[in-house]
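What follows is calculated from the coordinates using simple rules that are stated; it is not laboratory data. These numbers come from a predicted model, not from an experiment. Here Cβ is always computed from backbone atoms with ideal geometry, including for glycine, and neighbour counts include all displayed protein chains.
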Amino acid sequence: MNNKRNTITMNNDEQTSTTAEKFVQITKAGNLVVLDPLTLTETFFTANETHDRFTNPKGEELKAEEILIAVNERLSQAFEQLKAEQKPESTTMGGNRFCKDCGKPLIEGDSFCRNCGKRIE
């Protein structure tokens with residue numbers, strides 16, 4: 001976190017930082033409110049005097065970069081869950097079934113795609 005108290009950035013990956021920042025709000029006092037992308041619960045982090053470390057409710061002290069990395073990991077988990085929930089194993093077009101992973105045609109009675117090996121339910 002920089003001393004301006006209005007931005008939070010990671011040094012190594014700007015795209016990760018930009019995505020994760022959407023789940024982090026900075027209060028007027030420079031504290032952080034972090035929304036967990038999986039549980040949609042908020043956690044309040046109290047800033048130290050120099051605003052380079054933040055303390056969570058468990059008393060653990062973290063750097064802003066560490067918080068963004070954790071948020072990004074939770075985002076990845078949330079996207080994987082959504083992908084798994086929304087993706088049927090196969091799709092039907094004109095009476096023919098196709099593998100949802102690789103798009104190759106499936107043969108009647110197949111339990112697995114003959115091209116990519118994905119299990120078909």
Which far-off residues, 5 or more places away or on another chain, put their amide H under 5 Å from the one on Arg53, with H placed in the peptide plane?
Asn48
Which residues qualify? For Lys100, with a placed amide H closer than 5 Å and at least 5 residues away or on another chain, they are Ser90, Thr91
Would you kindly derive the ³J(HN,Hα) couplings of the stretch 103-109 from the backbone phi angles with the Karplus curve 6.51 cos²θ - 1.76 cosθ + 1.60 (θ = phi - 60°), listing them in order in whole Hz, with x for Gly and Pro?
x, 6, x, 9, 9, 3, x
Hey, what do the phi angles of the stretch 59-66 turn into as Karplus ³J(HN,Hα) couplings, whole Hz, using 6.51/-1.76/1.60 and θ = phi - 60°, x for Gly and Pro?
x, 7, 9, 10, 7, 4, 4, 5
Sites Glu60 and Glu108, calculated FRET efficiency, Cβ-Cβ separation with R0 41 Å, nearest 0.05:
0.15
Applied in sequence order to the stretch 71-82, the curve 6.51 cos²θ - 1.76 cosθ + 1.60 (Karplus, θ = phi - 60°) yields integer Hz couplings, x standing for Gly and Pro, of 5, 5, 5, 5, 4, 4, 5, 5, 5, 5, 4, 4
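Taking R0 as 25 Å, what's the FRET efficiency between Phe79 and Glu121 from their Cβ-Cβ distance, rounded to 0.05?
Working: r = 22 Å, r/R0 = 0.87.
The value I calculate is 0.70.
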